[in-house]
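Nothing in this text is a laboratory measurement; each read-out follows from the coordinates by a stated rule. Computed from a predicted model, the values in this text were never measured in an experiment. Here the Cβ is made from the backbone with ideal geometry for all residues, glycine too, and neighbour counts use every protein chain on show.
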């Protein structure tokens, strides 16, 4: 399997998990994001760049009038 496809599947799995378990946004979560970035060896700004559109999509789905 190509690395690109693995990334696509990982993204979909993460999105599915957040849909099921929900997400919170607080100061603690901001700190945890920094800790996670450090733990996985990714710069914090790059991790934020990855997470931002994911959360925007999920909020848009939640607020959508289509059910």
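Just a few scattered comments:
- Value of [θ]222 nm, deg cm²/dmol, for the chain, DSSP H segments ≥ 4, -39500 (n - 2.57) each, nearest 500: -26500 deg cm²/dmol
- Global form of segment 24-67, assessed from the alpha-carbon gyration tensor, a/c cut-off 1.5: prolate
- In this simple spin-label model, placing a label point 7 Å from the Cα along the Cα-to-Cβ direction at both residue 26 and residue 4 gives a separation of 4.1 nm.
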